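Peer 1: The structure that follows is given in the form of structure tokens.
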């Protein structure tokens, strides 16, 4: 999205304030990304659909441009191949691991009907959320109303299950989450949300929702946007201290279990050094979260789980064979 909006390449920040480049990802030791397909809702539907397809083509272009450094992951077999892949030359001249791309669609409101989900699955999308903020034909997202899934939404759940698509609960409202948990038996997660008990924004998860995701062997991805970490927070307010982010990570871990927490930074969206915690200036600073958890007494195994192993294990059991 950032590259599309600012007409920049993944390698070159192009003079724009951004959090991710390919070189920075390599320096951070990133091995796997949930790469989002998302277009801001301010545009008319036909424009959004065109932009959505352009984003998909950007990912395909990068996979073709940087075949040693980026790999599309659509199955457990491809994930295993990524794990065994040898080092490649990095952007800074140092050895680097190839980075896996798992395509994630953030909201399905541009689908004309449930049957269209299969076309995106065939194009490589493996994770998808029913909504973004607001209500669509399938469900009510956060910051909309108290409705849950519509009849089409329940039909869409069956499409998920038949295809093997992973369901992302992020942006779904409370009733929608309840509807999914009662009617869906396939893999699910919440890619980017924190604890509502610590920051009372609707996009964060309630305690019972966090527990249920853990019981379903899902993962909650910790998001680094300031209002998800402290409330109230408004643009121009001081950055939250990193310790507040660590508080959320530990809180979610206590509820969901240590195997069900991970990074869900959202750094590829609208995040900047102004609206993230102190010390998080780009993706290379994710290591500060790991260091902070270690300083709080986390074992190396727990830190490794949060830093990526938990998401990796989730995908090993959730992706198609």
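The values are calculated or read from the model by the stated rules, or taken from the named source; none is laboratory data. Values in this document were obtained by computation on a predicted structure and should not be read as measured data. Positions of Cβ are backbone-derived with ideal geometry, glycine not excepted, and every protein chain shown enters the neighbour counts.
Peer 1: Could you say which residue among 214, 221, 308, 269 is in contact (Cβ under 8 Å) with a residue 40 or more places away in the chain, under 18 Å from residue 190 (Cα atoms) and assigned to a loop (DSSP other than H, G, I, E, B)? Break it down into steps so the answer makes sense when it comes.
Peer 2: Details: 214 fails: assigned to a loop (DSSP other than H, G, I, E, B); 221 fails: assigned to a loop (DSSP other than H, G, I, E, B); 308 fails: assigned to a loop (DSSP other than H, G, I, E, B).
Step by step, each of 214, 221, 308, 269 is checked, and only 269 is in contact (Cβ under 8 Å) with a residue 40 or more places away in the chain, under 18 Å from residue 190 (Cα atoms) and assigned to a loop (DSSP other than H, G, I, E, B).
Peer 1: Does residue 276 meet the test of being at pLDDT 95 or above, crowded, with 20+ Cβ neighbours inside 10 Å and not in a helix (DSSP H, G or I)? So that I can check it myself, show each step before the final result.
Peer 2: Numbers: at pLDDT 95 or above: yes; crowded, with 20+ Cβ neighbours inside 10 Å: yes; not in a helix (DSSP H, G or I): yes.
For residue 276, the condition - at pLDDT 95 or above, crowded, with 20+ Cβ neighbours inside 10 Å and not in a helix (DSSP H, G or I) - is met.
Peer 1: If only one of 257, 264 is under 20 Å from residue 316 (Cβ atoms) and either surrounded by fewer than 17 Cβ atoms within 10 Å (Cβ to Cβ) or more than 17 Å from the chain's Cα centre (by Cα) (or both), which one is it?
Peer 2: Numbers: 264 fails: either surrounded by fewer than 17 Cβ atoms within 10 Å (Cβ to Cβ) or more than 17 Å from the chain's Cα centre (by Cα) (or both).
It is 257.
Peer 1: Please go through (1) touching a helix residue (DSSP H, G or I) at 6+ places or on another chain (Cβ under 7 Å); (2) within 30 Å of residue 17 (Cβ to Cβ) for residue 207 and return the number of the only condition it doesn't satisfy.
Peer 2: Condition not satisfied by residue 207: (2).
Peer 1: I've got another one for you. For the stretch 44-81, give me the residue count where each residue is in contact with a helix residue (DSSP H, G or I) (Cβ under 6 Å, 6 or more places away or on another chain) and assigned to a loop (DSSP other than H, G, I, E, B).
Peer 2: Looking only at that region, the number is 1.
Peer 1: Inspect the stretch 14-25 for any residue being farther than 24 Å from residue 288 by Cα and either free of Cβ contacts under 8 Å to residues at least 12 places away in the same chain or outside any helix (DSSP H, G or I) (or both) and give the result as yes or no.
Peer 2: yes
Peer 1: I need the full set of residues from the stretch 237-254 which are out of contact with any helix residue (DSSP H, G or I) (no Cβ under 7 Å at 6 or more places or on another chain) and either free of Cβ contacts under 8 Å to residues at least 12 places away in the same chain or crowded, with 22+ Cβ neighbours inside 10 Å (or both), in order please.
Peer 2: Within the stretch 237-254, 237, 238, 253, 254 meet the criteria.
Peer 1: Also, I was wondering about something else. Collect the residues in the stretch 246-296 that are closer than 15 Å to residue 19 by Cβ and in contact with a strand residue (DSSP E or B) (Cβ under 8 Å, 6 or more places away or on another chain), keeping them in residue-number order. Reasoning before the result, please.
Peer 2: Step one: filter the stretch 246-296 for residues closer than 15 Å to residue 19 by Cβ, giving 263-289.
Within the stretch 246-296, 263, 264, 265, 268, 269, 286, 289 meet the criteria.
Peer 1: Only one of these is in contact (Cβ under 8 Å) with a residue 60 or more places away in the chain, surrounded by fewer than 18 Cβ atoms within 10 Å (Cβ to Cβ) and under 21 Å from the mean Cα position of the chain (by Cα): 11, 30. Name it.
Peer 2: Just one listed residue meets the conditions, 11.
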